[in-house]
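To start, the structure under review is shown below, and the notes come after it.
No value in this document is a laboratory result; all are computed from the given coordinates. Worth saying up front: this structure is predicted, and the values here are computed from it rather than measured. All Cβ positions, even for glycine, are placed from backbone atoms using ideal geometry, and neighbour counts span all protein chains on display.
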Amino acid sequence: MLQARLAISVLFLVCGLNFASWATRIPDFKDFLSLSDAELGSILMGLPIGSMVSLPLAGWLIARYNSKIICLLSVVLYIIILPALTYISTSLFLFIGLFSFGMAGDLLNISMNTQVVALEKMTNKKIMSSFHAIFSIGLMLGSLLGGYLVKKNISLEHHFYLIAICNVVSIIGVYQALLTDSKNLEQENEVVKAKFKINNYLLILSFIAFCGMLCEGAMADWISLYFKSIPNLEGYPFTIGFSSFAFSMVIGRFLGDWAAQHISIRNILMFNGILIALGMSITVLFTNVNVLILGCFITGLGISTIVPMIYSQAGNTRDTSPAMAIAAVSTIAYIGFMLGPVVIGFLSEYFGLQRALVLLIMLGVLASGISKFALSKD
């Protein structure tokens, strides 16, 4: 069981590393292709659209075959797609590349979360949040590495080939230790109709996740560009805001399993929304770089436990398979992730990026309000 936990942890780490490697290089693609904020926002939709398209496919593949096999397939796709991104020369090809990147990412997302749900049932413990903390460690390490390589003028090609090699080594090292799903014919027949089995409680959780995912996507895609526009970074790389955000996500998610045992989901999600609103208020209202870094940190704490809490709840519903339950809830949540980049891009085009990020404050307040008034106190 320890080997399985370590193996799944490596997958979460690699998933975060892959995403952060892309996120830290967004300014390079923006400059290389001479994109406006609105154009970049439109192109960035490729990644979440690919994710959303793959969600029902992921649930079907995992229920029919095995989450272990889909984990392998996902990492192999990463190994191919990351180096391919370095050869992109047009906006259309970048969109297609991000669409493929998003599909690979969500196949891995659903399959490795299905592995965690299986492990939770074996251990009878809530451990989902700690795995998402490891994903955030991957984000943090990826952002720090990306910032360092950019500062040292290491080429995009060398950067992405290095990450591809990390993927190869990781999947070779952990594949045998991953869990094999138990599946039966009834579960396979359930796949076609499972996505419609979302009760009111899960629907509410999905909308809160929608707010959280939109905020998370906006931070990942735009915060480095926001910091890059700051006149005096006091010696920090422009990725420092994203690094602070990712670091706080690690802390929040490691605390999440403890919180899930002692605090109701309702109160956790209420507090999440408050922290998002507070952190983003600091980020957009102040000018001192150290204060802005603190704002990103608080925002990360707020976002940190929204998705793992909701995935764990969805994966343990009785009327559908874990893979399809997570995929169904994620479909709604990922609409937020899809809309985030383009909405922020267009708002930034007309009002400036600083004012565009006010949207995240509003979403934090909305998520907190829905949690307070629409969820039960249990």
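Summary table below
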| item | result |
| --- | --- |
| Among Gln313, Gln354, Gln176: highest mean-square fluctuation, GNM of the chain, C-alpha pairs under 10 Å | Gln176 |
| Computed magnitude of the charge dipole of the chain (debye, nearest 20; Cβ of K, R +1, Cβ of D, E -1) | 660 |
| Positive-pole candidate from Pro231, Ala4, Ala104, dipole of the range 2-374, charges at beta carbon | Ala4 |
| Prolate/oblate/rounded call for the chain, Cα gyration tensor, a/c under 1.5 rounded | oblate |
| Of Leu301, Leu17, Leu94, the one that fluctuates the most in a GNM where the chain has Cα springs shorter than 10 Å | Leu94 |
| Span-rule helices in the chain, defined as complete DSSP H runs reaching 15 Å or more along the axis (Cα) with Kyte mean at least 1.6 | 67-85, 265-285, 289-304, 358-374 |
| Likely footprinting exposure, Met140, Met280, fewest C-beta neighbours within 10 Å first | Met140, Met280 |
| 14 Å beta-carbon shell around Met213, net charge (K/R +1, D/E -1) | -3 |
| Unsatisfied cross-links (Cα-Cα over 19 Å) in the set Lys151/Lys228; Lys125/Lys372; Lys30/Lys151 | Lys125/Lys372 |
| For the range 197-226 and the range 3-45, distance of Cα centres in Å | 17 |
| Net +/- balance of residues flanking Phe131 in space, Cβ distance below 14 Å, scoring K and R +1, D and E -1 | +2 |
| Average Cα contact separation per residue, the chain, under 8 Å, 6 or more apart, as relative contact order % | 28 |
| Per-residue Cβ neighbour rank within 10 angstrom, fewest leading, Tyr148, Tyr334, Tyr350 | Tyr350, Tyr148, Tyr334 |
| Packing-based exposure ordering (other Cβ within 10 Å, fewest first) of Leu366, Leu275, Leu139 | Leu366, Leu275, Leu139 |
| Local electrostatic count, Val342, Cβ distance below 13 Å [Lys/Arg +1, Asp/Glu -1] | -4 |
